[in-house]
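Novice: Dropping the structure in here first, questions after.
The values are calculated or read from the model by the stated rules, or taken from the named source; none is laboratory data. All of these numbers come straight from a predicted model, not from anything done at the bench. Quick reminder, even Gly has a Cβ in these numbers, built from the backbone with ideal geometry, and neighbours come from all protein chains shown.
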Amino acid sequence: MISLICAGGKFLPSGAINSENTEIFTRERADFSNVNVIEVREDVPFIIEAARRASGEYLLLLLRPVRFLEGFERHFVDAMRRPTPALVYSDFLEGRSLRRLYDYPGDITERFPLGHVLGVKKSVLLELGLRSEFKRAYLYDFRLRLEERGGEIVRVPRALYEVRGGEMGRGLLASFSYLKYPPDLEREVEKAFKDMLKRRGAFLSGGVRRVFDVGGEIPISIIIPVRNRARFIGRALDSLMRQTFVDFEAVITDTGSTDGTREIIADYAEKDERIRPIFVEGGTLARALNLCVLNSRGRYVAQLDSDDEYTPDALEVALDVMERHPDAALGVSYYEVIDEEGFAIDELDVVRHLEFDRNNILRTEGAGALRIWRRSVLLKLGLFDERNFPDFGEDYDMVLKAVESHDLVRIHRVLYRYRKHGSSSDITTDEERKINLKTLARKAAMERRKLINRAGLISRGLPAS
């Protein structure tokens, strides 16, 4: 017997459901012998009550109306029938299109795509329970606690059900979906996440270190890695030419452009000695960033992607903030999203990352842009990781490292314009690879934070276990 629990509202599933070995728990009235109606309004008590009444050991939690495909029971049950506790999910159809999900990499964020049906043994669900303080983030919290008990998150690599329409976002908008959370959901997700950090010994509550600043020959260096951006590099450099603060240099590393980008850069450099190009053949994004930093002369280093732009007052405002916060390793501003022609995209609000703190950064996608660093901090932290994050996630990894021991100051102004276009790295980088790289950065940060906390306990004469 397999029990279908309609957890996502009042509805009934459809499709290849055998009433002889399947029972349904729902809040929707229905005159079918295998349908059990539980008139409980809130999800958590409804799910727990349905699990208690379930006749069999295997449960499927339905998060929205679905149409099951032939053989779904067998594949879900086979995946749940293992010695370790498991939360099971599967690929599915969106209309006639296959939605292939990804094998679970240990992602600690709430945004990893698990689809709309989750399988779990009745005994596992009732033993771990669903925390009643969560009205919406209860399954995210359950997944985190299940992993801590040695449980597995298991994907069935075949479509077992169909949904109408595509409601699971992808790409840039999916990654930053948390920016649109209503306040109550953000509070719940943050609580589940930070509770997990505390249980695993990775929650940072101690102080930060002072920054050792060695100064520089000039106030600030802008670093720009580039390859084949002939369409946009001129706009990026024009945004520098319009700056109200003029005592800067722009160090640009081109790693082998073949589309005329180099010629454009050389033309700007010939007209303005502040433009300092470095032309190399080949190399990764992280390597290009490091070459920029190593060849820079500024006390501060600000990042500018070759297809993005600064606002005219970006450097003036960012420098002023950093000078007024001498213990900050970096400053991060708000940014707006623009289209290929430079116009703001109306449906995308200004990105503020108000959810940022040094713990919550581990579940979000970043802290914002522009990013202005103390050059001494980048050198101290060993520059960008070329081995693990050659072409994606290198800046996120660096931010995680910096905030573990230093302050990050928020600049509450739009100083950066992020251009969304078809060939940007956020669009062209494989979604699964992005998830895996961000997960790698987060796992490494978790281990560093555990060491920081153990070292703090030892320094105070307390046991580190």
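Novice: On the phi < 0 side of the Ramachandran plot, buried (at least 20 other Cβ atoms within 10 Å of the Cβ), of a type in the set (Gly, Ala, Ser) and assigned by TED's automatic domain parsing to the domain that holds LYS271 - does that describe any residue in the stretch 230-237?
Specialist: Taking the stretch 230-237 and keeping what is on the phi < 0 side of the Ramachandran plot, we get 230-237.
Add one more test, that the residue is buried (at least 20 other Cβ atoms within 10 Å of the Cβ), and what stays is 232-233, 236-237.
Of the ones still in play, those that are also of a type in the set (Gly, Ala, Ser) are 236.
Next cut, assigned by TED's automatic domain parsing to the domain that holds LYS271 only: 236.
Yes, that holds for at least one residue.
Condition check ((1) modelled with pLDDT of 85 or more; (2) farther than 21 Å from ALA159 by Cβ) across all residues:
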{"position": "LEU12", "(1), (2)": "yes, no"}
{"position": "GLY15", "(1), (2)": "yes, no"}
{"position": "GLU23", "(1), (2)": "yes, yes"}
{"position": "ASP31", "(1), (2)": "no, yes"}
{"position": "VAL40", "(1), (2)": "no, yes"}
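Novice: Follow-up. Taking the options ALA318, ALA328, name whichever one is more than 30 Å from ALA230 (Cα to Cα), at pLDDT 90 or above and surrounded by 21 or more Cβ atoms within 10 Å (Cβ to Cβ). I'd like the intermediate steps shown before the answer.
Specialist: On the way: ALA318 fails: more than 30 Å from ALA230 (Cα to Cα).
Going through ALA318, ALA328 in turn, just one is more than 30 Å from ALA230 (Cα to Cα), at pLDDT 90 or above and surrounded by 21 or more Cβ atoms within 10 Å (Cβ to Cβ): ALA328.
Novice: Does GLY201 meet the test of being in contact with a Lys or Arg (Cβ under 9 Å, 6 or more places away or on another chain) and among the small types (Gly, Ala, Ser)? Walk me through how you get there before you give the answer.
Specialist: Details: in contact with a Lys or Arg (Cβ under 9 Å, 6 or more places away or on another chain): yes; among the small types (Gly, Ala, Ser): yes.
For GLY201, the condition - in contact with a Lys or Arg (Cβ under 9 Å, 6 or more places away or on another chain) and among the small types (Gly, Ala, Ser) - is met.
Novice: Is the stretch 344-355 home to any residue that is within 20 Å of VAL211 (Cβ to Cβ) and either modelled with pLDDT under 95 or touching a Gly at 6+ places or on another chain (Cβ under 8 Å) (or both)?
Specialist: First pass over the stretch 344-355, keeping only residues within 20 Å of VAL211 (Cβ to Cβ): none.
No.
Novice: What do you reckon, is ASP254 assigned by TED's automatic domain parsing to the domain that holds VAL414, closer than 23 Å to PRO390 by Cα, touching a helix residue (DSSP H, G or I) at 6+ places or on another chain (Cβ under 7 Å) and surrounded by 14 or more Cβ atoms within 10 Å (Cβ to Cβ)?
Specialist: Details: assigned by TED's automatic domain parsing to the domain that holds VAL414: yes; closer than 23 Å to PRO390 by Cα: yes; touching a helix residue (DSSP H, G or I) at 6+ places or on another chain (Cβ under 7 Å): yes; surrounded by 14 or more Cβ atoms within 10 Å (Cβ to Cβ): yes.
Answer is yes for this residue.
Novice: Among the residues of the stretch 67-90 satisfying the criterion of being in a loop (DSSP other than H, G, I, E, B) and surrounded by 17 or more Cβ atoms within 10 Å (Cβ to Cβ), which is farthest from the chain's Cα centre (by Cα)?
Specialist: Per the criteria, the residue is LEU69.
Novice: Sticking with this one: Report, ordered by the first and then the second residue, all pairs with beta carbons closer than 6 Å, sequence separation of six or more or different chains, a first member in the stretch 386-401 that is in the same structural domain as ILE427 (by TED's automatic domain parsing) and without any contact (Cβ under 8 Å) to a residue 60 or more places away in the chain, and a second member that is basic (Lys, Arg) and not in a loop (DSSP other than H, G, I, E, B).
Specialist: Filtered contacts from the stretch 386-401: GLY393/LYS438.
Novice: Six or more apart or on different chains, Cβ atoms under 6 Å: show the pairs whose first residue is in the stretch 1-20 and more than 14 Å from TYR161 (Cβ to Cβ) and whose second is of a type in the set (D, E, K, R) and part of a strand (DSSP E or B).
Specialist: Hits for this filter: SER3/GLU23.
Novice: While we're here: Just the residues that are under 25 Å from SER405 (Cβ atoms), of a type in the set (A, V, I, L, M), touching a residue at least 60 places away in the same chain (Cβ under 8 Å) and out of contact with any His (no Cβ under 7 Å at 6 or more places or on another chain), please, taken from the stretch 329-365.
Specialist: Hits for the stretch 329-365 are LEU330, VAL332, LEU362.
Novice: Any residue that is in a strand (DSSP E or B) and closer than 14 Å to GLY234 by Cβ - is there at least one of those in the stretch 291-305? Before the answer, list the steps.
Specialist: Of all residues in the stretch 291-305, those in a strand (DSSP E or B) come to 298-303.
Retained after the next criterion (residues that are closer than 14 Å to GLY234 by Cβ): none.
Within the stretch 291-305, none of the residues are in a strand (DSSP E or B) and closer than 14 Å to GLY234 by Cβ.
Novice: Could you pull out the residue among PHE25, PHE46, PHE92 that is without any contact (Cβ under 8 Å) to a residue 60 or more places away in the chain, over 27 Å from ASP195 (Cβ atoms) and not polar (S, T, N, Q)?
Specialist: Numbers: PHE46 fails: over 27 Å from ASP195 (Cβ atoms); PHE92 fails: without any contact (Cβ under 8 Å) to a residue 60 or more places away in the chain.
Of PHE25, PHE46, PHE92, the one residue that is without any contact (Cβ under 8 Å) to a residue 60 or more places away in the chain, over 27 Å from ASP195 (Cβ atoms) and not polar (S, T, N, Q) is PHE25.
The rows are residues; the columns are (1) within 26 Å of LEU12 (Cα to Cα); (2) at pLDDT 95 or above.
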| position | (1), (2) |
| --- | --- |
| LEU144 | no, yes |
| GLY166 | yes, no |
| LEU179 | no, no |
| SER205 | no, no |
| ILE220 | no, yes |
| ILE233 | no, yes |
| LEU237 | no, yes |
| LEU240 | no, yes |
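Novice: Could you tell me how many of the residues in the stretch 187-215 are surrounded by fewer than 18 Cβ atoms within 10 Å (Cβ to Cβ) and in contact (Cβ under 8 Å) with a residue 12 or more places away in the chain? Give the steps one after another, and end with the answer.
Specialist: Going through the stretch 187-215, the residues surrounded by fewer than 18 Cβ atoms within 10 Å (Cβ to Cβ) turn out to be 187, 191, 194-195, 198-201, 205-210, 212-215.
Still in the running and in contact (Cβ under 8 Å) with a residue 12 or more places away in the chain: 191, 194-195, 199-201, 206, 208-210, 212-215.
Result for the stretch 187-215: 14.
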